[in-house]
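Input: a single structure, listed below in structure tokens.
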Amino acid sequence: MRTRSLAAREILSSLSEAMPSIEDLWARLYAALADVPQLLSEISRLSSLLAKVRRDRANLAAAGRATLRADRDGEPDPLYYLRDELRAQGHLPPESWGRS
């Protein structure tokens with residue numbers, strides 16, 4: 001997309017030199033193309049954020065399944081898995097010792 005945006009700006013530059021009589025149109029097109037780098041940066045930022053949210057969700061789902069399995073197996077502290085993941089994601093304060 002960056003490459004195409006640069007190519008469009010080069011074409012626009014050539015056309016504006018060849019047809020200076022519609023200068024206001026060229027200015028509007030330049031302004032529209034100037035938004036592309038900022039939009040690409042925002043897409044990249046949001047993509048990274050989405051990947052983190054998906055990873056956190058998957059980890060919470062796995063912790064939930066482990067909690068249910070631990071409860072079914074009669075473990076003494078089945079909620080450990082869920083607390084541990086919530087703590088890892090910053091939803092609970094850190095704990096200085098292991099299972100509680």
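Looking at 60, 15, 92, just one residue is outside any helix (DSSP H, G or I) and among the hydrophobic types (A, V, I, L, M, F, W, C), and that residue is 92.
For first residues located in the range 23-43 and touching a residue at least 24 places away in the same chain (Cβ under 8 Å), partners that are open to solvent by less than 60 Å² (accessible area, probe 1.4 Å) and lie 6+ apart or on another chain with Cβ distances below 8 Å form the pairs 33/5; 33/8; 33/12; 36/5; 37/5.
Listed residues 7, 66, 70; which is modelled with pLDDT under 95, assigned to a helix (DSSP H, G or I) and among the small types (Gly, Ala, Ser)? Just one listed residue meets the conditions, 7.
Being open to solvent by 60 Å² or more (accessible area, probe 1.4 Å) and touching a residue at least 24 places away in the same chain (Cβ under 8 Å) is the filter here, so list the residues in the range 61-93 that pass it. Answer for the range 61-93, where residues must be open to solvent by 60 Å² or more (accessible area, probe 1.4 Å) and touching a residue at least 24 places away in the same chain (Cβ under 8 Å): just 88.
Those residues that are β-branched (Val, Ile, Thr) and more than 14 Å from the chain's Cα centre (by Cα), I need them from the range 26-62; list them, please.
Of everything in the range 26-62, just one residue is β-branched (Val, Ile, Thr) and more than 14 Å from the chain's Cα centre (by Cα), namely 36.
Filter the range 14-55 down to residues that are under 27 Å from residue 85 (Cα atoms) and small (Gly, Ala, Ser), then give me how many there are. Within the range 14-55, residues that are under 27 Å from residue 85 (Cα atoms) and small (Gly, Ala, Ser) number 4. Contact list please: Cβ distance under 6 Å, first residue in the range 1-20 and over 15 Å from residue 34 (Cβ atoms), second residue open to solvent by less than 100 Å² (accessible area, probe 1.4 Å), pairs at least six apart or on different chains. Sorted first by the residue in the range 1-20, then by its partner, the list stays empty.
Residue under question is residue 55, and the condition is that it be without any contact (Cβ under 8 Å) to a residue 24 or more places away in the chain, within 30 Å of residue 9 (Cα to Cα) and basic (Lys, Arg); does it hold? Spelling it out, it is not the case that residue 55 is without any contact (Cβ under 8 Å) to a residue 24 or more places away in the chain, within 30 Å of residue 9 (Cα to Cα) and basic (Lys, Arg).
The values are calculated or read from the model by the stated rules, or taken from the named source; none is laboratory data. Just so it is clear, the structure is predicted and the values come from calculations on it, not from any experiment. All Cβ positions, glycine included, derive from the backbone under ideal geometry; neighbour counts span all protein chains shown. Heavy atoms of the whole protein, side chains included, go into the accessibility calculation; ligands, DNA and RNA do not. Shrake-Rupley method; radii C 1.70, N 1.55, O 1.52, S 1.80 Å.
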